[in-house]
Amino acid sequence: MVSRPEMLSRAARMRREPTETEKWLWRHLSGSKLAGLKFRRQAIIGHRIVDFFCPAKGLIVEVDGDTHDREADELLDRRMTAQYGYATIRIINEDVRNNMDGVLQQIEAIALGLQDRWDQ
């Protein structure tokens, strides 16, 4: 198992070197621009680094490239739900590049449909 300092180091490196699609999506998620919700980038949850996380809603947003293993990802997502009660939405790179408005509408609809975990 990876140590906490190593996880922090990896997350910091991933924040410094995001993919282009992560940069594009972050521009819309940062600064509470999406329905006033605050997102964190490269958040560490347990022993996993997720692309984006909205703590108030318990929503994880993952941007998937072509190399992702759908079955493995679904198992990780189910574990996040079982262990922490967090929902995960997966967005593919192509949708971020070609349909950002649709991606944002989807994230917003799911987030607003989730119960608040605390007052913001």
Of all DSSP beta bridges having both residues in the chain, the percent classed as antiparallel (nearest 5) is 55 percent
Computed over the chain, the relative contact order (Cα-Cα under 8 Å, seq sep at least six) in percent reads 22 percent
Residue span SER30 to ASN98: 0.36 nm per residue of separation minus Cα-Cα distance leaves a gain in nm of 22.5 nm
Rounded to whole Å², per residue accessible area for segment 1-110 with a 1.4 Å probe reads 58 Å²
Of segment 28-44, those with amide N under 14 Å from the point 7 Å along the Cα→Cβ vector of TRP118 are 38
Rounded to the angstrom and largest first, Cα extents along the principal axes for segment 1-88 equal 34, 28, 27
Carbon plus sulfur, as percent of the 1.4 Å-probe accessible area of the chain, comes to 46 percent
Computed over segment 39-117, the convex hull of the Cα set has an average projected area, in nm², of 5.1 nm²
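The values are calculated or read from the model by the stated rules, or taken from the named source; none is laboratory data. Everything numeric here is computed off the predicted structure, so don't read it as measured data. Heads up, the Cβs are rebuilt from the backbone with ideal geometry, glycines too, and the neighbour counts pull from every protein chain shown. To get the accessible areas, we keep the full protein, side chains included, count just its heavy atoms, and leave off ligands, DNA and RNA. Shrake-Rupley method; radii C 1.70, N 1.55, O 1.52, S 1.80 Å.
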